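One structure is given here, and the rest of the page talks about it.
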Amino acid sequence: ENAWNAQSEASLGQKRGWLQLLDSSAATPNMSKIPWDSADGNGKWSKQPNLKCLAVDNTELPPPKAIILDGEPVIGTAANYIGLYRLAEGKLVNGRPCYRHAERPTHWVAYNGTSAWNAQSEASLGQSRGWMQLLDSSCHTPDVSLLSWETADGAGKWDKKPNLKCREADPSTMPPASALVLSGATEAKAQDCLGLYRLIKGYEVNGRPCWRSVRRSDRWIAFNGENAWNAQSEASLGQKRGWLQLLDSSAATPNMSKIPWDSADGNGKWSKQPNLKCLAVDNTELPPPKAIILDGEPVIGTAANYIGLYRLAEGKLVNGRPCYRHAERPTHWVAYNGTSAWNAQSEASLGQSRGWMQLLDSSCHTPDVSLLSWETADGAGKWDKKPNLKCREADPSTMPPASALVLSGATEAKAQDCLGLYRLIKGYEVNGRPCWRSVRRSDRWIAFNGENAWNAQ
């Protein structure tokens with residue numbers, strides 16, 4: 001009707017607020033030369049001659065947590081770059097924020113350093129190449145640009161797409177991050193909760209995703225069901241208690257919030273922790289899980305032999321990444337092929353681009369963190385998509401005991417006497433758990449003491 005207002009979301013577009021600019025002729029509030037008024041809370045307005053509304057450079061804006069590329073149909077390879085992207089927090093490409101596709105983690109939106117933003121593969125990240133481009137070097141993030149995107153036709157030409165735009169997206173529509181990191185707390189109890197947390201796929205607490213500490217398995221980040229995210233013990237999981245709280249029930253995941261965390265002082269009071277950050281980090285930061293499982297839907301043929309539990313081959317890398325050996329079929333492996341995929345394959349094919357199952361996701365350091373589904377080979381050169389076939393972290397306690405263990409690294413003389421290889425004594429348990437005998441000294445064992453510890457004895 002007659003004014004611009006600074007107001008709450010509940011009052012959006014209504015004739016109410018805390019500030020008003022009585023200038024309906026101004027197309028945008030920064031264009032007006034009329035002074036603003038301020039509400040006193042009692043129905044009166046007072047002039048604010050020093051209050052300014054100015055346009056500032058887009059570099060002043062924090063990067064949005066999520067963006068979306070859409071607006072009109074796109075065909076060919078470029079179509080794979082349509083959709084939601086998550087901010088890669090803490091990562092810059094050519095000095096500007098970058099974004100990773102929510103469903104296709106090898107697809108990125110990044111600045112090329114000279115003239116354009118590109119939707120491109122991970123292999124081309126930051127280069128002047130890709131399948132979409134926004135020719136606007138002035139914007140710090142692509143969502144603020146008023147220009148349209150172009151798509152590559154695959155033959156060296158670009159097609160203008162007047163309705164194809166990039167805009168900020170609702171972070172709650174994003175799948176949860178595979179890994180979070182808590183850092184910056186000063187309280188002693190709060191510091192005990194810091195570090196990396198791994199997403200527990202397929203498990204929710206109070207209807208929301210949850211993350212378990214990599215450093216301490218009894219520490220979690222979970223929603224309390226009412227008003228806050230908490231860093232808490234396993235015994236308190238999902239309850240309104242913990243050492244840290246984020247009072248933001250609107251945040252679909254805690255890394256999406258802009259509200260500061262609070263730390264408990266141990267006496268029933270909370271103190272603000274302005275330097276405490278909860279950020280999504282790349283899955284390469286996570287240590288490889290000790291065990292994984294491939295399951296989710298029925299599989300037939302030879303591929304069915306690759307369903308099940310796998311144990312981490314500790315100390316062994318294939319094409320620079322961890323690898324896993326089947327718990328029951330030791331010639332069956334899950335390994336990265338070095339270029340494009342994780343494969344469930346025979347030992348003879350280890351690390352090659354062949355196998356009976358594949359996960360086309362080169363972005364994940366271990367296959368359990370991928371949000372994509374696996375495919376199975378039909379034996380005739382084709383791959384069948386299996387939307388419910390997934391790889392996830394498994395409970396190591398469900399694994400059969402290792403056939404051999406090795407103790408190494410001790411410096412004390414007595415401890416050194418226990419080092420070396422140990423063989424599993426199959427069919428024999430001590431205090432209800434498996435045990436291993438030294439290969440070098442038959443009078444040396446590794447066994448559980450029945451109460452609180454494993455002993456080399």
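Structure data summary
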| item | result |
| --- | --- |
| Condition check for G202: in a strand (DSSP E or B) and out of contact with any Asp or Glu (no Cβ under 7 Å at 6 or more places or on another chain) | yes |
| Residue satisfying condition, being surrounded by fewer than 20 Cβ atoms within 10 Å (Cβ to Cβ) and aliphatic (A, V, I, L, M), within set A235, A280 | A235 |
| Test: residue in the range 255-262 that is closer than 18 Å to A188 by Cα and part of a loop (DSSP other than H, G, I, E, B) | yes |
| Which listed residue is surrounded by fewer than 17 Cβ atoms within 10 Å (Cβ to Cβ) and of a type outside the set (K, R), from P171, P260, P209 | P260 |
| Meets criteria (under 30 Å from A188 (Cα atoms), of a type outside the set (S, T, Y), free of Cβ contacts under 8 Å to residues at least 40 places away in the same chain and in contact with a Gly (Cβ under 9 Å, 6 or more places away or on another chain)) for P274 | yes |
| Scope the range 372-407; condition more than 30 Å from R444 (Cα to Cα), open to solvent by less than 70 Å² (accessible area, probe 1.4 Å), out of contact with any Gly (no Cβ under 9 Å at 6 or more places or on another chain) and aliphatic (A, V, I, L, M); matching residues | L372, A394 |
| Flag for W342 being aromatic (F, W, Y) and open to solvent by less than 10 Å² (accessible area, probe 1.4 Å) | yes |
| Any chance L87 is open to solvent by 60 Å² or more (accessible area, probe 1.4 Å), assigned to a strand (DSSP E or B) and within 30 Å of A177 (Cβ to Cβ) | no |
| Odd one out for I68, checked against (1) farther than 30 Å from E150 by Cβ; (2) open to solvent by less than 40 Å² (accessible area, probe 1.4 Å) | (1) |
| Yes/no for S115 being open to solvent by less than 70 Å² (accessible area, probe 1.4 Å) and farther than 30 Å from W149 by Cα | no |
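The values are calculated or read from the model by the stated rules, or taken from the named source; none is laboratory data. In this text, all values refer to a predicted model and were calculated from it rather than measured experimentally. Please note: Cβ atoms are built from the backbone with ideal geometry, for glycine as well, and neighbour counts cover all protein chains shown. Please note that ligands, DNA and RNA were not included when accessible areas were found on the heavy atoms of the full protein model with its side chains. Shrake-Rupley method; radii C 1.70, N 1.55, O 1.52, S 1.80 Å.
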